[in-house]
Every structure is written in structure tokens, then in C-alpha cells.
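Here the structure comes first, spelled out in C-alpha cells, and everything after it is commentary.
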There are 2 protein chains.
Amino acid sequence: MGSPSTATRISERHRRAAAATGRYDRRLAEILDHATEVFCEKGYEGASMRDLSRASGMSLAGLYYYFESKERLLFLIQKHTFSTIVQRLKARLEDVADPEQKVRIFILNHLEYFLANRQAMKVLTHEAEVLKNGFATELAAIKREYYRICVKLLDELKEKRGLEFPTRIAVLSLFGMMNWIYTWHNPRVDGDPEPLAREMGDIFLRGVMSGKARR
Amino acid sequence: MGSPSTATRISERHRRAAAATGRYDRRLAEILDHATEVFCEKGYEGASMRDLSRASGMSLAGLYYYFESKERLLFLIQKHTFSTIVQRLKARLEDVADPEQKVRIFILNHLEYFLANRQAMKVLTHEAEVLKNGFATELAAIKREYYRICVKLLDELKEKRGLEFPTRIAVLSLFGMMNWIYTWHNPRVDGDPEPLAREMGDIFLRGVMSGKARR
DNA sequence: AGGTAATTCGAACGTTCGTTCGAATCTCAG
DNA sequence: CTGAGATTCGAACGAACGTTCGAATTACCT
């Protein structure tokens, strides 16, 4: 009963093919995709389990085989989305040494993922406060890690260029610039992430770098 | 029946004192205040009419004497909040001529009002997509006016300083920086709006002004 | 003090909510 | 083909939802 994890199911002597993700995981991923779409359109509270049932083509009761509550469903969507963006960022930062370039990579990575997964990223940013207790703290940890990475990049920039600006305000302003995009970005008008990342990067980096240097 | 407007009530031969706001308007304002608090905390969809009843100390049915639906209640809150901020902005811009100073006034006005009315401003920004049809279009008009003012200020700055940057991206990035504040501002850590407005203004204006000038 | 309109309320309406449960169906190794 | 576990479903649960209505109460003018 309930929703078994991949691990338990595999260990339950149902080990199959090998590398290929099992049926359970594939179906769960499909449901998460459809749910993301519905949450994006109607909001978490505004979306009903019956909406999710309709969107995913599975019966209302059938959904509960894959997760134990609506809240956990939102958690799974947010965790997967946030984990992926952090993981991709880390991979892309490895090749770069210059602090300014690192910040530009940070912005590009964020905007690219945002525009390629608009719905999931809107659900992540717009429904950031609805999770409670355990769900909330686990997600807060990822959020904090992402925030700390950005702080580190900016402190690095300050150090190597001898700059002086309030890191906290700068980081949070940058997040605001980037996350707000879900309220206005129109693919037909605003186009690809690369030019957007360059323009936002220009505004932010010039703003932060053309200030007075340390004594 | 329903909720009479101030105008109709006064014309109904109940003309009183004069300038003083009547009982009806005062009570309505109280309800709006309490509702703002609840919407801020639980979100529009997450807040029930019974929550609003409890918060305002009025019976569930009694609320409907002042507005005909939960949606109209949100509309009243958002319209009043947005109208006020636009009106205050216009008044403060009248005294200023320098384009850079005008942009700084814009930022200061936004942040001051935001921090002095955090709950209402969160409801305005976070529940921006829930209103439908007539409510939505009327609010969109105010939003558009506010947006156009900011565009005009930046175009003025570009003109007088001979700058070159994408206005649309700059305006929307600025809005992002400012509006995102509802997700992170902590009065004990981040203090008063004036230094915040100066720091955000520094980042944004330097970013936009230190670019290459026109040919 | 009396009377009329403004204001408030208890109780209920029909609907939809998230979740549960036991039975039906499907999948696949033996 | 068979049996056992994995998966799906129809039907129902009690609770909570937004809204309505007629009666009760209050406030104010004459």
C-alpha cells in the first residue's frame, strides 16, 4: 500500500533490465509533469486533486498510489526542480576561473533553466511558502545552498577587484531581477536566454563594479 | 440590498456632517485591513471567508453587506493599494527635474510604500494573476500606467545622458529587484527604506549609466 | 419616544475539497 | 497458463468551501 520508493521496490526482488528507470519512476515523472502544468496555471491552492486527475489521465484514487498527499506532490516538484538547477550550476562553474565570468555563468544558468522550464520554475518561485514543517526545511536547505553559492561568487568578485558594496542586498536584488521574469517574459518579444542574461548581467555587474573601490 | 456605494448612500438623503467619512466607509476600510492581513498570511485561495470573518470580528454573512464576493474584496484591496502608490509617486515627481533624481525618487517611493504596507504590497504582487475579467482589466490599467511612468523616466535618462540600453529589460529588472523584497526583507536586519533605496538605486543606475554612450 | 433605514446575524444551501478503502484489473516470472 | 504482486479504479467519507436569505438588532432623524 501507499507509495513505495524506488529502492524498496527494486530490493523487493523485482529487479529488472538495469540502468533503465522502472515503470513506477517513469509514471511518477509523467504525473509530476502534468501536475506542474496545473499548479503553474491555477496555483497550488487553486488546483484540486481532481484537476490533477484530469490532467494526468489517471483516476483520482490512482494518484495516491504515487504520493501520499497533495503537499508531498508539490514538494517533489520543487525539490527536483531546485536540485537540478543547483547541480547544473555546479557543473558549469567548474570550468571557469574569472570571478566576473562566474557571475555571468550564474545568471545564464538561472535564466536558461528558467525559460526552458517556465512552469516548474514558476511553481518553485510562486509557491515558495506553502510547504510546512519537514517539507519546508528540506527545501530551505537547497535554497540556502543556492543562495550561499551566489554570495561566494560576489565576495570573490569583491575581493579580486577590490570593490565595496553590500553583498546581501546585491545578491537578493539579483535574485529579484532573475526570478521576476516569470511575471513578464514573452517568448515572442523577449526571445532567448543568452541575450537576456547578457543584458541583465550588464546592468547588475556594471552596477556593482563601477562603485568606489576600497580605500 | 448588497453593498451600496458611498455616492448612493449620501444621495439617499442621508447626507451628514460633510468631509468626514461615513460609518460605512470606515467599517469597510477596517474589514479591508483585516482581510489584507489574512490574504498576506494564507494567500487568496488559501484564505476562507470564515478566516476573514474571524479576523475582522464580523459574522460570515455580515461581510457580504460590504462586498458581493471574495474576488471583489481582493480587487478592492489591490486597487486601493496600487492607486495610492501611483498617486504618491506623481506628487513626489512634480518637484524634481533631474532625470537621475527622478529615478531615485521612483525607487524610494516604491520601497517606502512597500515597507510601510508590507502586507498589502505582498497581496498586490503575489496575487497579481487571480482576478478575472472586469476586475483584471481595471487593475491592469493601473499597472500599465505605473509601468509607463517608469519607462518614461528611463527614456528621459537615456535621452539627456546619451545612453544606450534596452529600456524594457531595464524597467522589468528594476521592478524585479524592488518587488522581490517581499520574499526576504527582515526589518531587524535590513532596516529602513532609505538606505535600501540608495543601495538598489546605486546598483541599478550605475549599471544602466556606465554602459557605452550612443555613437 | 417612535419609526425607518442601515447594519448584523444564525442557519442553511448546494458544491467541491483532500483523502480512504476494498475490489477490479493488469503485468510478468515461473 | 497460473498465481502473486503491482497498479488502477468507482464510490464514498466527513469537512470545508463561497454564498444566500429572512429575521433580528442597531443607529439615527423627527
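The values are calculated or read from the model by the stated rules, or taken from the named source; none is laboratory data. As the structure is a computational prediction, the values presented were derived from the model and not from experiment. As a convention, Cβ positions derive from the backbone with ideal geometry for all residues, glycine included, and neighbour counts pool all protein chains shown.
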*Just name the residue that is farthest from DNA strand D (Cβ to nearest atom) out of those in the stretch A:58-74 that are without any contact (Cβ under 8 Å) to a residue 12 or more places away in the chain and outside any helix (DSSP H, G or I).*
A:69
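Quick grid of which residues meet (1) of a type in the set (Asp, Glu); (2) within 16 Å of DNA strand C (Cβ to nearest atom); (3) within 14 Å of chain A (Cβ to nearest Cβ):
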{"residue": "B:32", "(1), (2), (3)": "no, yes, no"}
{"residue": "B:41", "(1), (2), (3)": "yes, no, yes"}
{"residue": "B:64", "(1), (2), (3)": "no, yes, no"}
{"residue": "B:77", "(1), (2), (3)": "no, no, no"}
{"residue": "B:101", "(1), (2), (3)": "no, no, no"}
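For the stretch B:178-202, give me the residue count where each residue is assigned to a helix (DSSP H, G or I) and either aromatic (Phe, Trp, Tyr) or not assigned by TED's automatic domain parsing to the domain that holds residue B:103 (or both).
Step one: of the stretch B:178-202, the residues assigned to a helix (DSSP H, G or I) are B:178-183, B:187-190, B:193-202.
Of the ones still in play, those that are also either aromatic (Phe, Trp, Tyr) or not assigned by TED's automatic domain parsing to the domain that holds residue B:103 (or both) are B:180, B:182.
Counting residues in the stretch B:178-202 that are assigned to a helix (DSSP H, G or I) and either aromatic (Phe, Trp, Tyr) or not assigned by TED's automatic domain parsing to the domain that holds residue B:103 (or both) gives 2.
Quick check on this structure: which one of B:86, B:103, B:130, B:151 is more than 30 Å from residue B:213 (Cβ to Cβ), part of a helix (DSSP H, G or I) and assigned by TED's automatic domain parsing to the domain that holds residue B:187? Walk me through how you get there before you give the answer.
Values: B:103 fails: more than 30 Å from residue B:213 (Cβ to Cβ); B:130 fails: part of a helix (DSSP H, G or I); B:151 fails: more than 30 Å from residue B:213 (Cβ to Cβ).
Result of the check over B:86, B:103, B:130, B:151: B:86.
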*Of the residues A:47, A:55, A:91, which is over 18 Å from residue A:27 (Cβ atoms), of a type in the set (A, V, I, L, M) and within 16 Å of DNA strand D (Cβ to nearest atom)?*
A:47
_Anything in the stretch A:141-155 that is surrounded by 18 or more Cβ atoms within 10 Å (Cβ to Cβ) and within 18 Å of residue B:176 (Cα to Cα)? List them, or say none._
A:150
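When the stretch A:161-177 is examined, which residues are found to be in a helix (DSSP H, G or I) and either surrounded by fewer than 18 Cβ atoms within 10 Å (Cβ to Cβ) or more than 7 Å from every other protein chain (Cβ to nearest Cβ) (or both)? Full working, then the answer.
Initial filter on the stretch A:161-177 (in a helix (DSSP H, G or I)): A:161, A:167-177.
The answer is A:161, A:167, A:168, A:171, A:174.
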*Kindly provide the set of residues from the stretch A:186-207 that are in contact with a Ser or Thr (Cβ under 9 Å, 6 or more places away or on another chain), under 16 Å from residue A:158 (Cα atoms) and touching a residue at least 12 places away in the same chain (Cβ under 8 Å), ordered by number.*
A:204
*What single numbered condition from (1) surrounded by 15 or more Cβ atoms within 10 Å (Cβ to Cβ); (2) within 11 Å of chain B (Cβ to nearest Cβ) fails to hold for residue A:158?*
(2)
